[in-house]
1. Please find, within region 16-53, the residue that is modelled with the highest pLDDT out of those that are over 14 Å from the mean Cα position of the chain (by Cα), closer than 22 Å to R83 by Cα and small (G, A, S).
2. Scanning for something among the small types (G, A, S) and part of a strand (DSSP E or B), does region 26-44 turn up at least one residue?
3. Residues being of a type in the set (A, V, I, L, M) and not in a helix (DSSP H, G or I): count how many of those fall in region 100-118.
4. Taking the criterion of being in contact (Cβ under 8 Å) with a residue 60 or more places away in the chain and more than 20 Å from G112 (Cβ to Cβ), would at least one residue in region 11-29 satisfy it?
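The values are calculated or read from the model by the stated rules, or taken from the named source; none is laboratory data. Not measured: the values here are computed from a predicted model. Cβ atoms come from the backbone with ideal geometry, glycine included; neighbour counts cover every protein chain shown.
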Amino acid sequence: SKHGSVTFISAVSAQLAAPGIAGIGAINGMLLTVAPILAVELKPLRVNVVAPGVIDTPWWDFLPDDQRQAVFAEYAGKTPVGRIGRAEDVADAIAFLVSNGFMTGQVLTCDGGLRYAA
């Protein structure tokens, strides 16, 4: 439907500076930039972005369990809400953007405040 919704998944790496994330930060930053442009070009289709922070998902399975848990603990300590994210947190953010017919061209950061404290 032309009146539908597209939600891109970016990452908080586009909004903070940390060593070693220049490439992925640039790619994710492109999504933050293109969403409002596409929202205008593709109207009335709504286009938004969810930018998660550190989320406990299988994406992190490349790390051995003890190292992954250490990374999660480090980020939980930096995050104002005191924990890392869960897949459900991101799903809720996506559901909000999809269900709100007046949201378009927006970036919804779902990082527990990490970008302010990292």
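1. Step by step, filter region 16-53, then rank; the result is A18.
2. Taking every residue of region 26-44 in turn, none turns out to be among the small types (G, A, S) and part of a strand (DSSP E or B).
3. Residues meeting the conditions: 4.
4. No, region 11-29 contains no residue that is in contact (Cβ under 8 Å) with a residue 60 or more places away in the chain and more than 20 Å from G112 (Cβ to Cβ).
The rows are residues; the columns are (1) in a loop (DSSP other than H, G, I, E, B); (2) out of contact with any Pro (no Cβ under 7 Å at 6 or more places or on another chain); (3) surrounded by 13 or more Cβ atoms within 10 Å (Cβ to Cβ).
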| site | (1), (2), (3) |
| --- | --- |
| V49 | no, yes, yes |
| W59 | no, yes, no |
| R68 | no, yes, yes |
| V71 | no, yes, yes |
| E74 | no, yes, no |
| V81 | yes, yes, yes |
| E88 | no, yes, no |
| A93 | no, yes, yes |
| V98 | no, yes, yes |
